[in-house]
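Input: a single structure, listed below in structure tokens.
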Amino acid sequence: MKPLYIQVREQDNVAIVVNDGGLPAGTEFECGLTLLETVPQGHKAALRNIGKGEPVVRYGAVIGHAAARIERGAWVREDLLELPDPPALDSLPIATSIPEALPPLEGYTFEGYRNSDGTAGTRNILGITTTVQCVAPTVDLAVRRIRKEILPRFKGVDDVIAITHAYGCGVAISAPGAEVPIRTVRNLALNPNLGGEPLVVSLGCEKLQPSRLSLPVVSDEPFVVRLQDEEYRGFGDMVAAIMRLAEKRLERLDARPRVTCPASDLVVGLQCGGSDAFSGVTANPAVGYASDLLVRSGATVIFSEVTEVRDAVHLLSARAADEGVGRALAREMQWYDDYLRRGGADRSANPTPGNKRGGLSNIVEKALGSVAKAGSTALRAVVAPGERVSQKGLVFLATPASDFVCGTLQLAAGMNMHVFTTGEGTPYGLAMAPVIKVSSRSQLAARWPDLIDLDAGRIARGESSIEETGWELFRLILEVASGRKRAWAEQWALHNSMALFNPAPVT
């Protein structure tokens with residue numbers, strides 16, 4: 001393969017090396033650029049001389065300032081970049097560049113499960129909610145028995161899952177911030193893929209009482225099992241009660257057929273994990289194109305991860321559908337700035353060793369690539385963590401960037417399909433919704449053929465375009481949503497645990 005680099009914008013003074021294994025010192029590109037030292041794959045080479053203090057530009061934006069003079073052809077390493085200040089939140093451009101609506105896409109459908117509240121599920125699952133960690137082992141045992149002894153009789157139900165977590169007691173239940181995990185637990189129980197059949201297991205003495213969840217009553221039969229109630233004589237009685245109520249709900253879920261639903265019933269969450277320097281030029285732009293197609297179809301698209309948006313927030317605030325949406329975006333960014341400050345950290349704590357190994361020098365570069373998942377349409381709403389999304393179109397859900405916390409909050413928001421981009425790779429998966437994995441590099445797709453569902457690395461090699469890969473992903477989403485195809489994480493039953501975001505004190 002001839003020496004190749006990717007320069008995103010004409011004004012960029014750095015570019016990333018495409019070739020597998022990187023390129024050695026002395027490599028000459030067709031443009032005449034010669035590498036002065038070995039540059040690993042995905043890492044940046046200087047396209048021209050950059051003086052000390054001068055801006056280093058990628059994606060047409062300043063990702064840092066040179067800590068020392070950088071010669072043309074040199075490897076632009078992390079230690080040569082000084083982190084710039086983030087965009088000031090009190091002077092953001094708000095609703096200044098609202099994109100015109102793209103032509104609607106009509107006629108696209110999937111086969112899903114219609115719920116009484118008007119939502120649609122892509123899977124038909126019974127979820128058993130817990131109010132406190134104390135009951136988690138009991139519910140886990142009950143779920144194992146239900147799967148073995150009861151579920152095989154109900155062929156129309158995909159699974160039974162335990163919604164367990166490390167919350168519920170030993171916490172300041174009424175402190176500022178406690179509303180986040182409480183509403184998250186509530187909205188997880190109401191996820192569209194659970195069919196509106198909540199079942200709750202409580203200990204009885206915990207601070208998070210079932211009544212705090214305000215779950216809807218869907219039938220005359222009880223939907224809460226309290227393990228401390230005197231009616232239960234021993235552990236066997238407790239498990240039997242859970243199984244008895246679960247069986248009644250399975251009967252109702254089993255009677256629901258898949259029906260044709262418009263693509264507008266999809267709520268697709270977007271996330272990246274194990275990102276690298278290719279993420280922002282292959283996988284994330286392809287997902288962004290698919291995001292536009294979903295929005296054109298009337299669907300809801302959720303993107304998240306505050307610290308991976310913060311340094312590119314000015315690009316999104318300008319796309320806000322109105323001033324209220326733009327102000328809400330700034331408000332959530334400010335809340336998170338304050339949250340990090342209280343913990344003695346800032347957004348620079350976000351990048352991981354793997355991100356840096358993959359060529360991402362700092363959080364600014366990571367954020368500029370991350371927001372590519374949001375496509376090009378107007379930002380229609382901003383939602384606080386733990387809240388449920390009600391707006392169609394592109395929505396920002398304010399979450400931490402942690403894969404597990406973000407995925408949990410997107411499920412609580414109503415996500416029924418998940419798209420996850422990765423450069424370094426991760427076997428991440430969710431029990432409550434299918435997860436489609438998109439790789440930023442072809443090497444990862446080749447090394448993990450039974451974990452990666454779509455290879456966007458072909459874009460870097462010129463074997464596919466962003467548009468072509470975006471359409472491929474859009475069609476794959478419809479196939480997986482319909483149950484006609486299963487993503488690898490679902491085939492392997494890879495289910496990461498729920499991870500609640502709790503900014504309130506633990507007592």
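The values are calculated or read from the model by the stated rules, or taken from the named source; none is laboratory data. Quantities reported herein were computed from a predicted structural model and do not represent experimental measurements. No Cβ is skipped: glycine too gets one built from the backbone with ideal geometry, and neighbour counts run over all protein chains shown.
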Report task. From the list 344, 324, pick out the single residue that is more than 28 Å from residue 480 (Cβ to Cβ) and either of a type in the set (Asp, Glu) or assigned to a loop (DSSP other than H, G, I, E, B) (or both). Result -> 344
Query raised in the report: Taking residue 294, is it crowded, with 24+ Cβ neighbours inside 10 Å, in contact with a strand residue (DSSP E or B) (Cβ under 6 Å, 6 or more places away or on another chain) and closer than 29 Å to residue 472 by Cα?
Result: yes
Query raised in the report: Which condition breaks for residue 434 when tested against (1) within 30 Å of residue 16 (Cβ to Cβ); (2) touching an Asp or Glu at 6+ places or on another chain (Cβ under 7 Å)?
Result: (1)
Query raised in the report: Any idea which of 412, 398, 445 is touching a Leu at 6+ places or on another chain (Cβ under 6 Å), of a type in the set (A, V, I, L, M, F, W, C) and more than 21 Å from residue 483 (Cα to Cα)?
Result: 412
**Report entry** Of the criteria (1) crowded, with 17+ Cβ neighbours inside 10 Å; (2) closer than 16 Å to residue 122 by Cβ, which one residue 486 fails
**Finding:** (1)
Query raised in the report: From 405, 395, which residue is touching a residue at least 40 places away in the same chain (Cβ under 8 Å), among the hydrophobic types (A, V, I, L, M, F, W, C) and buried (at least 23 other Cβ atoms within 10 Å of the Cβ)?
Result: 395
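Restricting attention to strands (runs of 3 or more DSSP E) lying wholly within the range 25-112, give those where 1 or more residues are basic (Lys, Arg) and crowded, with 16+ Cβ neighbours inside 10 Å.
In the range 25-112, the matching strands (runs of 3 or more DSSP E) lie at 44-46, 55-58.
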Query - Members of the range 122-145 found to be among the basic types (Lys, Arg) and either over 25 Å from the mean Cα position of the chain (by Cα) or at pLDDT below 95 (or both), listed by number - result: 144, 145
Report summary line: Condition set part of a loop (DSSP other than H, G, I, E, B) and surrounded by fewer than 24 Cβ atoms within 10 Å (Cβ to Cβ), scope the range 183-196, selection nearest to the chain's Cα centre (by Cα): answer is 190
Query raised in the report: Regarding residue 463, is this residue in a loop (DSSP other than H, G, I, E, B), over 30 Å from residue 173 (Cβ atoms), charged (D, E, K, R) and in contact with a helix residue (DSSP H, G or I) (Cβ under 6 Å, 6 or more places away or on another chain)?
Result: no
Report task. Output yes when any residue across the range 113-121 is touching a strand residue (DSSP E or B) at 6+ places or on another chain (Cβ under 8 Å), surrounded by 16 or more Cβ atoms within 10 Å (Cβ to Cβ), in a loop (DSSP other than H, G, I, E, B) and among the charged types (D, E, K, R), and no when none is. Result -> no
Query raised in the report: Any residue in the range 359-368 that is crowded, with 23+ Cβ neighbours inside 10 Å and of a type in the set (Asp, Glu)?
Result: yes
